[in-house]
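All remarks here apply to the structure that follows.
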Amino acid sequence: ITSRDSAILKWDPPTEKGHNGVITGYLIKYQLRNNTSSQMTRTVGAVTQLSLDNLLTGVTYSFTVAAISCNRSGPDATMVDFSTISDTPPNSNTVGIVVGIVVVLLGLIILVVILCIVLTKKQRHQQRKQEKEIKTFFSVPQGIYMASSDHEVKNNSDEAAVSQISKTQFAAHVRELAMDKNNGFEREYNKIQNDPNGVNNIAKAHKKKNRYHNI
């Protein structure tokens, strides 16, 4: 029976045939295993156990016992090893839990970093796409004519059905086109290019029918 720095040694008495007279005590020899220079001895009476204190922690010892009779000491018994208990190591389950938590936290950190990178790239891509669409919208392909800012809307029979965009409405109109992921710009541009009725047509003959004539 051992602890960190002590041990209780127990043994059985010799058989009746092994007695050389009445047993009066026992001689106990103990040492660090495979180190005879560290051997120490203790003598006890006719008992079958011995308590040892002040042992080294976490070390293996060897011990043997010889019976002492009124006539002489008997032979040493077979050497037996025992070990003191080392300082309590961390519980393996606790270590596993800590390692698991660390791994999960590292995984979460890596995931957050990846998500941030992806979202940043997506945001930049959308921003570049929006800038490109705005530039395309405000460009003047195929002879689009824009009237000067001091022109007023003129109503005539050809323009009666045209919903003109005034200068004061233009900013709100652009914001409306920017809704739905900027798809409004593409639809408006296609109308300007392809409207056969002239309401949004870019041809010079339909200039005043164009809803952006007043901008």
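The values are calculated or read from the model by the stated rules, or taken from the named source; none is laboratory data. Note that the structure is predicted; figures quoted are calculated from it, not measured. Cβ placement follows ideal geometry from the backbone for every residue including glycine, while neighbour counts extend to all protein chains displayed. Heads up: the accessible areas ignore ligands, DNA and RNA and are worked out on the full protein's heavy atoms, side chains in. Shrake-Rupley method; radii C 1.70, N 1.55, O 1.52, S 1.80 Å.
Roll a 1.4 Å probe over the protein chains and send me the accessible area per residue for segment 1-108 in Å².
67 Å²
Starting from the amide H of Tyr61, placed 1.01 Å from N in the peptide plane, find each other amide H under 5 Å away whose residue is 5 or more places distant or on another chain.
Arg33, Phe82, Ser83, Thr84
Provide the solvent-accessible area of Arg175, counting protein heavy atoms only and rolling a 1.4 Å probe, rounded to the nearest 10 Å².
150 Å²
With all protein chains present, how much of the accessible area of segment 1-125 (probe radius 1.4 Å) comes from carbon and sulfur, to the nearest whole percent?
61 percent
In debye, nearest 20, what is the charge dipole magnitude of segment 1-132 about its Cα centre with +1 on Lys and Arg Cβ and -1 on Asp and Glu Cβ, if you could check? Don't skip to the end; give the middle numbers.
Numbers: 13 positive and 8 negative charges, 269 e Å.
Charge dipole, segment 1-132, about its Cα centre: 1300 debye, nearest 20.
Can you classify segment 22-123 as rounded, prolate or oblate using the Cα gyration tensor, where a ≥ b ≥ c are the square roots of its eigenvalues, rounded means a/c under 1.5, and otherwise it's prolate if a/b beats b/c and oblate if not?
Cα axes put segment 22-123 in the prolate bin.
Test of understanding: what is the full-extension gain from Glu186 to Ala171, defined as 0.36 nm times their sequence separation minus their Cα-Cα distance?
Difference between extended and current length: 3.7 nm.
I'm checking a number: the convex hull volume of the Cα atoms of segment 1-78, normalised per residue, in Å³. What is it?
Taking only Cα atoms, segment 1-78 has a hull volume of 89 Å³ per residue.
Taking all protein chains together and a probe of 1.4 Å, list Glu133, Glu16 from the most accessible to the least accessible. Intermediate values should be presented prior to the final figure.
On the way: Glu133 35, Glu16 150 Å².
Descending accessible area places them as Glu16, Glu133.
Would you grab the residues whose amide H sits under 5 Å from the one on Gly25? Only those 5+ places off in sequence or on another chain, please, with H modelled 1.01 Å from N.
Placed amide hydrogens put Ile68 under 5 Å from Gly25.
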